[in-house]
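Before any comments, here is the structure.
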Amino acid sequence: MSQDQTMVAPAEMTLDLAAKPITPAIGAEIFDINLAADDIAESIPAIRAALLKYGVIFFRDQDMSAEQHITFARHFGELEVHPATPKNQDNPEILRIAYGAKKKGQENFWHSDVTWREKPSLGSILRAIEVPEVGGDTLFANMHLAYENLSPEMKRLCEGLTAVHDVARVFAKRLNKRPEELHDQYPPMTHPVIRTHPETGQSVIYVNTAFTSHIEGMSKEESRWLLDHLYATAANPEIQCRFRWEKGSVAFWDNRVCQHNATSDYFPARRVMERVTIAGCRPYFGRPR
């Protein structure tokens, strides 16, 4: 952990952007950059370095089309298609997340995205299309610092454990499908409780309230006790930042080290976001599998 508690980019990557940290623990706002610019490729190494350093980075006043959003994201890797995306959508890489008077926001809990995949996402790029006058902020937590806050004994216990992640815990109800239907395409996956970040080498707590069902090799009671303890670590304000959205704001978070919580305090006002997600690697602890 660095002296100022932010995450550390690998030495070979340079950070050459105007950045203002949100908190000492996580997050920074990046200035004077147009993500839709024709020459954006020249800035990708610096943006990637900022992502690794701060865990989540924010951009204001971005005038991007859906196609430009996708093009920018492709600079960081292969893109995912989420099962909640309508099949007849023109741009399947974009997940539209819209709430209003008829539907309240549903992501207001600490979680990492798509940990039910064999290779969960590297990160997501979320763009604000329409936001309420007040409310609808998103909070982010640095799960490397959450790990660092564990006692040495708890670290030793967790580092040898694996947990099961299940898509049906959230999306069976939302997609109106039986768990067995979802499991045919997305079977439950086992990942280490503590993962190693593949670029920074940091240890990260990698269980979350949305998709983690249980810890392997433990009784139901033992698993629930330990998971509840690890879930609660994200709620520490000293490892968090909070982002106030405006129309045209963009957040890019590293899903391998962050958890996030989208507050749903704006009901019945309207909030519309579009997300593009970058595929990642299979989680591991220690050395790659």
Original post:
When ALA25 is evaluated against the numbered criteria (1) assigned to a loop (DSSP other than H, G, I, E, B); (2) farther than 21 Å from ALA146 by Cα; (3) modelled with pLDDT of 95 or more; (4) of a type in the set (A, V, I, L, M), which criterion, by number, is the only one it fails?
Top reply: (2)
**OP:** Looking only at the range 174-217, count how many residues are farther than 17 Å from ASP113 by Cα, of a type in the set (D, E, K, R) and surrounded by fewer than 14 Cβ atoms within 10 Å (Cβ to Cβ).
**Re:** 5
**OP:** Being in contact (Cβ under 8 Å) with a residue 12 or more places away in the chain and acidic (Asp, Glu) is the filter here, so list the residues in the range 14-72 that pass it.
**Re:** ASP16, GLU29, ASP32, ASP61, ASP63, GLU67
**OP:** Residues being within 15 Å of the chain's Cα centre (by Cα) and modelled with pLDDT under 95: count how many of those fall in the range 61-94.
**Re:** 1
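Scan the strands (runs of 3 or more DSSP E) fully inside the range 216-289 and keep the ones with 1 or more residues being touching a strand residue (DSSP E or B) at 6+ places or on another chain (Cβ under 7 Å), farther than 17 Å from SER203 by Cα and among the aliphatic types (A, V, I, L, M). Walk me through it before giving the result.
Working: elements: 240-243, 250-254, 258-262, 271-278.
Hits in the range 216-289: 250-254, 258-262, 271-278.
Mind listing just one residue for me: the one in the range 101-150 that is assigned to a loop (DSSP other than H, G, I, E, B) and among the small types (Gly, Ala, Ser) and, of those, nearest to the chain's Cα centre (by Cα)?
Initial filter on the range 101-150 (assigned to a loop (DSSP other than H, G, I, E, B)): 101-102, 104-110, 112-122, 131-137, 149-150.
Remaining after also requiring among the small types (Gly, Ala, Ser): 101, 105, 112, 121, 135-136.
Values: ALA101: 26, GLY105: 17, SER112: 5, SER121: 8, GLY135: 20, GLY136: 17 Å.
Applying the filter and picking the extreme gives SER112.
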**OP:** Could you check how many residues of the range 113-169 are among the charged types (D, E, K, R), touching a helix residue (DSSP H, G or I) at 6+ places or on another chain (Cβ under 9 Å) and closer than 18 Å to PHE252 by Cα?
**Re:** 1
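Here's a check for you: in the range 224-267, which residue that is of a type in the set (Asp, Glu) and in contact with a Leu (Cβ under 9 Å, 6 or more places away or on another chain) is nearest to THR196 (Cα to Cα)? Walk me through how you get there before you give the answer.
Filtering the range 224-267 down to residues of a type in the set (Asp, Glu) leaves 228, 238, 246, 254, 265.
Pick out the ones that are also in contact with a Leu (Cβ under 9 Å, 6 or more places away or on another chain) and you get 238, 254.
Numbers: GLU238: 22, ASP254: 13 Å.
The selected residue is ASP254.
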Original post:
Is there a residue in the range 199-211 that is in a strand (DSSP E or B) and either in contact with a Lys or Arg (Cβ under 6 Å, 6 or more places away or on another chain) or of a type outside the set (Gly, Ala, Ser) (or both)?
Top reply: yes
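One line per residue, one yes/no per condition, for (1) in contact (Cβ under 8 Å) with a residue 12 or more places away in the chain; (2) within 25 Å of THR190 (Cβ to Cβ); (3) touching a His at 6+ places or on another chain (Cβ under 8 Å):
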{"residue": "VAL114", "(1), (2), (3)": "yes, yes, yes"}
{"residue": "SER124", "(1), (2), (3)": "yes, yes, no"}
{"residue": "PRO132", "(1), (2), (3)": "yes, no, no"}
{"residue": "ALA141", "(1), (2), (3)": "yes, yes, yes"}
{"residue": "ALA146", "(1), (2), (3)": "yes, yes, no"}
{"residue": "GLU153", "(1), (2), (3)": "no, yes, no"}
Subject >> Failed condition for ARG256, given (1) closer than 21 Å to ASN208 by Cβ; (2) surrounded by fewer than 23 Cβ atoms within 10 Å (Cβ to Cβ); (3) not hydrophobic (A, V, I, L, M, F, W, C) >> reply: (2)
Original post:
Does the range 52-81 hold any residues that are in contact with a Ser or Thr (Cβ under 7 Å, 6 or more places away or on another chain) and within 12 Å of THR277 (Cα to Cα), and which are they?
Top reply: LEU79, GLU80
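The values are calculated or read from the model by the stated rules, or taken from the named source; none is laboratory data. Computed from a prediction, not measured in an experiment: that's the story for all the values here. Heads up, the Cβs are rebuilt from the backbone with ideal geometry, glycines too, and the neighbour counts pull from every protein chain shown.
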